[in-house]
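Only one structure is covered here, and it is reproduced in the block below.
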Amino acid sequence: MSIVRLNPWREFDDLFTHVSAARLQRSDAAWTPVADILETADDYQIELDIPAVAAEAINIALDDGVLTVSGERSIEDSESARHLRKERSRGRFSRSFHLPENVDEDSITAASKNGVLSLVIAKKAKDTPRRIEIAAA
């Protein structure tokens, strides 16, 4: 009879491995990057975590007040090594944000640094009331 050491985490670890593998094998296995939305006096800022995604693989579109960020993350498999575990999500992603009416849609800028995509959407200048003079007839 052989002695088997008790490892209470082994079953949990095996379950995690099987669930992760099943999720990645589905054809619709999309992932969703997390986002932070900030508001300043002059603009709105959206920051999305999208590590390992090249700028060329990201599409940013604005349609009818909805800003959509989409793309695809592909992780190359190594030919010389075998994976013991794959936890990083891959595949297509898409996030949509309904913009408020006070934004200047022509002034949206995007920058990517250290795996974070930063979008800045300027607010429209507030309309100031003006006095209309009455012309004397």
message: Using only the alpha-carbon atoms, what does segment 70-131 span along each of its principal axes? Please give whole angstrom values in decreasing order.
response: 75, 20, 15
query: Which trypsin sites (Lys or Arg not before Pro) from segment 30-117 combine a DSSP loop assignment with at most 12 other Cβ atoms within 10 Å?
result: 82, 85, 88
message: With the crude spin-label approximation of a point 7 Å out along Cα→Cβ, what separation in nm comes out for residue 47 versus residue 31?
response: 1.9 nm
message: Between residue 112 and residue 80, how high is the FRET efficiency from 1/(1 + (r/R0)^6) when r is the Cβ-Cβ distance and R₀ = 35 Å? Nearest 0.05.
response: 0.70
task: For residue 133 and residue 40, compute 0.36 nm times the residue count separating them, minus their Cα-Cα distance, and round to one decimal in nm.
output: 29.9 nm
message: Using only the alpha carbons of segment 55-106, what is the convex hull's orientation-averaged projected area in square nanometres?
response: 5.2 nm²
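Read the figures in this text as sums done on the coordinates, not as results from a lab. Model, not experiment: these values are computed from the prediction. Don't worry about glycine lacking a Cβ; one is built from the backbone with ideal geometry, like all the others, and counts go over all protein chains shown.
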